Amino acid sequence: MGPRKNFVPSENKYMNNQLPFSELTAISPLDGRYRSKVQDLAPFVSEYALIKFRIEIEIKYLLALSEAGVTREFTNEEKQKLQELIDMSFNDIKKVKEIEAETRHDVKAMERTLRAHLENTSLKDQLEMIHFGLTSEDVNNLSYRLILKRGTEQIIPAVEEIISSLSKWAEAYKETPMLARTHGQAAVPTTIGKEMVNFAVRLHRQIVKLKKQKLTGKLNGAVGNFNALSFVYPNIDWLEFSEKFVSSLGFEPNLITTQINQYDDVVEYLQNIQRINSILIDFDQDMWRYVSDEWFVQVAKKGEVGSSTMPQKVNPIDFENSEGNLGIANGLIESLSRKLLISRLQRDLSDSTTIRNYGIILGYSLVAYKSTTTGIGRVSPNVDKIKNSLNKDWTILTEGVQTHLRKSKANDPYSLISSLSRGEKVDEQKWEEWINNLSISDEDKKQLSELTPEKYIGLAVKLTEKALEELK
């Protein structure tokens, strides 16, 4: 039966697509599904944060002009008033957006808001000194770098928590033998602790670099030459002023620029985060394989569902979630790394919309870090399974055997061992028979017969302990 004629659907106030904004209707998963995981980032990487940091730059700039003698000296009460504006209320910052709807210029909207706050105070004579001699990029390059710097400071503890968890695993399982695999094939033994501490050290070294890495800042006018400032106040040392002001914000002064502060430093900074993310993708994929092989077992929590149709499943979803979100973050970093190093002539505006995604990069990274931490907390080594896999095939000892025979001056031991072991599966009994049938001295046979997969771990324990010392 076809549709009824003249059918009128029931009234639905959302038919015009005007859904109320909420975590349920957010377009971005960061502001929707993952909001609870990233909400602590909002004060540092949001539009609110950008406006707030711009206000901070403008206020500190006005105070610096006073200290340099460009404007009159401010009273303590006036300085206090200006400092209070740095912590402008959420509702006042919302008004900046309302003004921007009229001006269609975000920095000018912020400037007008500051003027409104000062016009009925003793600082009303300083209204024209707000944003004096600056271009918007002088404020923006500093504000966006504050977003990147302060936002990163919020996500670093999440990486350090992963490092801490891996270090605990390393300490607990530094002597627990495990089969290492190269090219996906059985290689030689290692230990669980050694493999975990490898990732901890890699992450730690990148975090140290990230903390030390300095972003730059510029305050030098429309095309980087202090044209207006030096013309109006030729007796002021604007180079020194700029260096002092930028340094006060924790940035390295960059005097040689076009209108924009070139993004070389930002790209280098983001690529440091990208390396951290890539190391974690490596870890997530290894853990996924360990879980698949049942070398690590997952905790099955009551009430949770692993599959809509296969009740028995407990999936490694936290490591998978982490891997996926790290890929998104790294994809954005790659895009920005290509884009931001290029600017037409003294500037074009195509960078403006791309750098608004700093928070997205940090947000997806943070979601991933938290997922990895959750994944670590829900798995543990299946020591019996790992031991069985390790002892399944004793040909993993042939590296040690042929190396020992080389020391004993045996004739072409590599070819000898290869002809007997390549592609073969050898258990403990067959291994002993094989050793006894080698044309070697009784002393060599005795040494080799004492070798087992669980003993053949080299300096793994010592290396793990050395790595743990570095982490401490």
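The values are calculated or read from the model by the stated rules, or taken from the named source; none is laboratory data. Remember, it's a predicted structure, so these values are computed and weren't measured experimentally. Every residue, glycine among them, receives a Cβ derived from its backbone with ideal geometry; neighbour counts consider all protein chains shown.
Check Ser322, Ser352 and return the single one that is among the small types (Gly, Ala, Ser) and farther than 29 Å from Phe283 by Cα.
Details: Ser322 fails: farther than 29 Å from Phe283 by Cα.
Going through Ser322, Ser352 in turn, just one is among the small types (Gly, Ala, Ser) and farther than 29 Å from Phe283 by Cα: Ser352.
Right, Val107: surrounded by 19 or more Cβ atoms within 10 Å (Cβ to Cβ), more than 29 Å from Lys212 (Cα to Cα) and in contact (Cβ under 8 Å) with a residue 40 or more places away in the chain or not?
On the way: surrounded by 19 or more Cβ atoms within 10 Å (Cβ to Cβ): yes; more than 29 Å from Lys212 (Cα to Cα): yes; in contact (Cβ under 8 Å) with a residue 40 or more places away in the chain: yes.
In short, yes.
As an exercise: evaluate Ile57 against (1) assigned to a helix (DSSP H, G or I); (2) over 18 Å from Glu137 (Cβ atoms); (3) of a type outside the set (D, E, K, R); (4) in contact (Cβ under 8 Å) with a residue 24 or more places away in the chain and give the number of the one condition it does not meet.
The single condition Ile57 does not satisfy is (2).
Could you go through the range 446-458 and let me know if any residue there is over 20 Å from Leu416 (Cα atoms) and part of a helix (DSSP H, G or I).
no
In the range 80-94, which residue that is surrounded by 14 or more Cβ atoms within 10 Å (Cβ to Cβ) and either out of contact with any helix residue (DSSP H, G or I) (no Cβ under 9 Å at 6 or more places or on another chain) or without any contact (Cβ under 8 Å) to a residue 40 or more places away in the chain (or both) is nearest to Leu118 (Cα to Cα)? Quick ask: steps written out before the conclusion?
Of the range 80-94, the ones surrounded by 14 or more Cβ atoms within 10 Å (Cβ to Cβ) are 81-82, 85-86, 88, 92-93.
Those still in the list that are either out of contact with any helix residue (DSSP H, G or I) (no Cβ under 9 Å at 6 or more places or on another chain) or without any contact (Cβ under 8 Å) to a residue 40 or more places away in the chain (or both) too: 85-86, 88, 92.
On the way: Leu85: 10, Ile86: 13, Met88: 13, Asp92: 13 Å.
Restricting to residues being surrounded by 14 or more Cβ atoms within 10 Å (Cβ to Cβ) and either out of contact with any helix residue (DSSP H, G or I) (no Cβ under 9 Å at 6 or more places or on another chain) or without any contact (Cβ under 8 Å) to a residue 40 or more places away in the chain (or both), the top hit is Leu85.
Looking for whichever is at pLDDT below 95 and either touching a Phe, Trp or Tyr at 6+ places or on another chain (Cβ under 8 Å) or over 21 Å from Ala329 (Cα atoms) (or both) here; the options are Gln154, Gln185. Which one fits?
Working: Gln154 fails: at pLDDT below 95.
Answer to the check: Gln185.
Tally up the residues in the range 206-222 that are in a loop (DSSP other than H, G, I, E, B), crowded, with 17+ Cβ neighbours inside 10 Å and either in contact with a Phe, Trp or Tyr (Cβ under 7 Å, 6 or more places away or on another chain) or not assigned by TED's automatic domain parsing to the domain that holds Leu249 (or both), please.
Step one: list which residues in the range 206-222 are in a loop (DSSP other than H, G, I, E, B), which gives 213-215, 218-222.
Applying the additional criterion that residues be crowded, with 17+ Cβ neighbours inside 10 Å yields 215, 218-222.
Narrowing the set further to residues that are either in contact with a Phe, Trp or Tyr (Cβ under 7 Å, 6 or more places away or on another chain) or not assigned by TED's automatic domain parsing to the domain that holds Leu249 (or both) leaves 215, 219-220.
Residues that pass the stated criteria total 3.
Test Lys81 against the stated conditions and say whether it is among the basic types (Lys, Arg), under 33 Å from the mean Cα position of the chain (by Cα) and at pLDDT 95 or above.
Values: among the basic types (Lys, Arg): yes; under 33 Å from the mean Cα position of the chain (by Cα): no; at pLDDT 95 or above: yes.
For Lys81, the condition - among the basic types (Lys, Arg), under 33 Å from the mean Cα position of the chain (by Cα) and at pLDDT 95 or above - is not met.
Is it the case that the range 300-318 has a residue that's modelled with pLDDT of 70 or more, out of contact with any Phe, Trp or Tyr (no Cβ under 6 Å at 6 or more places or on another chain) and part of a loop (DSSP other than H, G, I, E, B)? Lay out the reasoning, then the answer.
Of the range 300-318, the ones modelled with pLDDT of 70 or more are 316-318.
Cutting the leftovers down to out of contact with any Phe, Trp or Tyr (no Cβ under 6 Å at 6 or more places or on another chain) gives us 317-318.
Checking the rest, the ones that are also part of a loop (DSSP other than H, G, I, E, B) come to none.
No, the conditions are met nowhere in the range 300-318.
Confirm whether Ile236 is in contact (Cβ under 8 Å) with a residue 60 or more places away in the chain and either in a loop (DSSP other than H, G, I, E, B) or of a type in the set (Phe, Trp, Tyr) (or both). Even if it seems obvious, please write down each step before you answer.
Working: in contact (Cβ under 8 Å) with a residue 60 or more places away in the chain: yes; either in a loop (DSSP other than H, G, I, E, B) or of a type in the set (Phe, Trp, Tyr) (or both): yes.
Criteria met by Ile236.
Determine which member of the set Leu438, Leu463 is in contact (Cβ under 8 Å) with a residue 60 or more places away in the chain and over 18 Å from Lys387 (Cα atoms). Show your work before the answer.
Numbers: Leu438 fails: in contact (Cβ under 8 Å) with a residue 60 or more places away in the chain.
None of the others qualify; the one that does is Leu463.
Could you please give the count of residues in the range 170-208 that are touching a strand residue (DSSP E or B) at 6+ places or on another chain (Cβ under 8 Å) and β-branched (Val, Ile, Thr)?
At the first step, the residues of the range 170-208 found to be touching a strand residue (DSSP E or B) at 6+ places or on another chain (Cβ under 8 Å) are 173-181, 186-192, 195.
Next cut, β-branched (Val, Ile, Thr) only: 176, 188, 190-192.
Of the residues in that region, 5 qualify.
Restricting the range 126-152 to residues that are in contact (Cβ under 8 Å) with a residue 40 or more places away in the chain and among the acidic types (Asp, Glu), which is nearest to Arg104 (Cα to Cα)? Spell out how you get there, then give the answer.
So the first thing to find is which residues in the range 126-152 are in contact (Cβ under 8 Å) with a residue 40 or more places away in the chain, and the list is 126, 129-135, 137-152.
Of the ones still in play, those that are also among the acidic types (Asp, Glu) are 137-138.
Values: Glu137: 16, Asp138: 19 Å.
Filtering first and then ranking leaves Glu137.
Among the residues of the range 248-285, count how many are surrounded by 17 or more Cβ atoms within 10 Å (Cβ to Cβ) and either among the charged types (D, E, K, R) or at positive phi (or both).
Qualifying residue count for the region: 3.
Kindly establish whether Leu345 is assigned by TED's automatic domain parsing to the domain that holds Asn261 and either modelled with pLDDT under 95 or in a loop (DSSP other than H, G, I, E, B) (or both).
Numbers: assigned by TED's automatic domain parsing to the domain that holds Asn261: yes; either modelled with pLDDT under 95 or in a loop (DSSP other than H, G, I, E, B) (or both): yes.
Spelling it out, Leu345 is indeed assigned by TED's automatic domain parsing to the domain that holds Asn261 and either modelled with pLDDT under 95 or in a loop (DSSP other than H, G, I, E, B) (or both).
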